[in-house]
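Below you'll find the structure, written out as structure tokens, and then a few comments.
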Amino acid sequence: MKHQPFESWLYERETLTKDQTRDLEDHLEICASCRALATAWADVEGQILSASLIAPAPGFSRRWRTYLADHRRRISHRQMGVLLLTTAVGLAVLSVLFGAELLPSLQQAVPTLVSWVGKVANLVANLNVFRLVMGILVEATLENIPLVYRVVLPLSLAGLAAFWVFSLYRLNYRRITKGVIS
Amino acid sequence: MVERPNESEWIHRAMQGDDNAFAMLVEVYQVPVYNLCYRMLGNPMEAEDAAQEAFLRAYKGINRYDPERRFATWLLSIASHHCIDRLRRRKYPIRSLDELLPWQQKADDMPGPETALTQKENQEAVRKMLEQLGDHDRMVLILRYWYDLSYEEIAQSLSSSVSAVKSRLHRARRQLADQWIKRTSIEVGKQGRCDEASAF
């Protein structure tokens, strides 16, 4: 006996036409194999339909708020870690880029620095003299550092400092929404 | 699932960053989402964790929600994808729990002892049968029977096609019917042997 398409129709009853449903019912009357499948599926479907929704333990909403708070804390810690790492890497990159170039200049400036320290120690009580020393210091620095580094290095450091301050502000004073800091 | 009168307002407020409004949505949808996760994962602890994570994902993506769509379908879609991901990552087989944990409750009112026992047996039978299905087939069946979603909604939820959904549902139903026949024939066989023994 041919079981198709009736065997397939058993599981698609909601999509069958009236004629198809009648043909299926006629087939089920004479085919024990398909009738057994139809009965089995009806039993299973009945079991599924009688199975109720299962609820979580009481206090799910409260636990969800805790879950959200934990998530925000994790995000905040991760962002702080990224900030520190970025700063460290930025400083390292700046050191590598400019350290080699500035080292000879700094070595040349060592005697000058020593003399500054001596002068500062001697003249710290006298503000006018201190101003004079500062003038000398700035002048000596400008002489020893190439023009391009005088511009790029302070700008880089200023940018890094601004990034640091802005990030701290965001992490501490602005609220976190949707799991990220806005 | 019918949308509540205040639901659209809660959704609107949640989209503007109101945590309390989203908490109301969690309160309303905790049972359907948890039930989906439990039916998929078969483990109360994992279902709780998956449901929490599904709500968190919904919270983070609430601004991507299209109000033209049913919120329940959107939420169940998130939970479905998360459960499928979990099952894919799962290194260990599904662990059967002989009994629901003591703190677990049915969403219905507390039934009488006999009804409770029958319900418990049915739940256990359903759970065991569902475990035998493939992940996607099981998901389609759950969305169809427990949430009454249309083929189109299921296809949308699972990022699939309607024909694929029909095919999966057909396969799941046939597999369950085959399992049921095997199970009942085994039980009938046992019963027959018992009867023969008692005849002597």
Out of curiosity, is B:Ala125 closer than 24 Å to A:Ser52 by Cβ, buried (at least 16 other Cβ atoms within 10 Å of the Cβ) and either at pLDDT below 75 or touching an Asp or Glu at 6+ places or on another chain (Cβ under 6 Å) (or both)? no
Scan the stretch A:52-91 for residues that are closer than 18 Å to B:Tyr59 by Cβ and within 8 Å of chain B (Cβ to nearest Cβ) and report the count. 9
Could you say whether any residue in the stretch A:113-128 is in contact (Cβ under 8 Å) with a residue 24 or more places away in the chain, assigned to a helix (DSSP H, G or I) and exposed (fewer than 14 other Cβ atoms within 10 Å of the Cβ)? no
Taking the stretch B:87-107 on its own, how many of its residues are closer than 27 Å to B:Thr184 by Cβ and either modelled with pLDDT of 75 or more or surrounded by 12 or more Cβ atoms within 10 Å (Cβ to Cβ) (or both)? 4
Looking at B:Arg144, B:Arg168, B:Arg174, B:Arg138, which one is touching a His at 6+ places or on another chain (Cβ under 8 Å), modelled with pLDDT of 90 or more and within 13 Å of another protein chain (Cβ to nearest Cβ)? B:Arg168
Residue that is nearest to B:Pro44 (Cα to Cα), among those in the stretch A:36-78 that are touching a strand residue (DSSP E or B) at 6+ places or on another chain (Cβ under 6 Å) and small (Gly, Ala, Ser): A:Ala55
In the stretch A:100-119, the residues that are more than 17 Å from A:Arg150 (Cβ to Cβ) and at pLDDT below 75: none
Scan the stretch A:17-34 residue by residue and report those that are surrounded by 15 or more Cβ atoms within 10 Å (Cβ to Cβ) and either away from every other protein chain (no Cβ under 12 Å) or part of a loop (DSSP other than H, G, I, E, B) (or both). A:Gln20, A:Asp23, A:Leu24, A:His27, A:Leu28, A:Cys31
Of the residues A:Leu91, A:Leu106, which single one is surrounded by 11 or more Cβ atoms within 10 Å (Cβ to Cβ), within 30 Å of A:Ser167 (Cα to Cα) and in the same structural domain as A:Ser156 (by TED's automatic domain parsing)? A:Leu91
Out of the residues in the stretch A:55-85 meeting the condition of being in contact with a Phe, Trp or Tyr (Cβ under 6 Å, 6 or more places away or on another chain) and either part of a loop (DSSP other than H, G, I, E, B) or assigned by TED's automatic domain parsing to the domain that holds A:Leu160 (or both), tell me which one is nearest to B:Arg138 (Cα to Cα). A:Pro56
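The values are calculated or read from the model by the stated rules, or taken from the named source; none is laboratory data. Keep in mind that this is a model prediction, so the values were computed, not measured. Cβ sites come from the backbone with ideal geometry, for glycine too, and all protein chains shown count toward neighbours.
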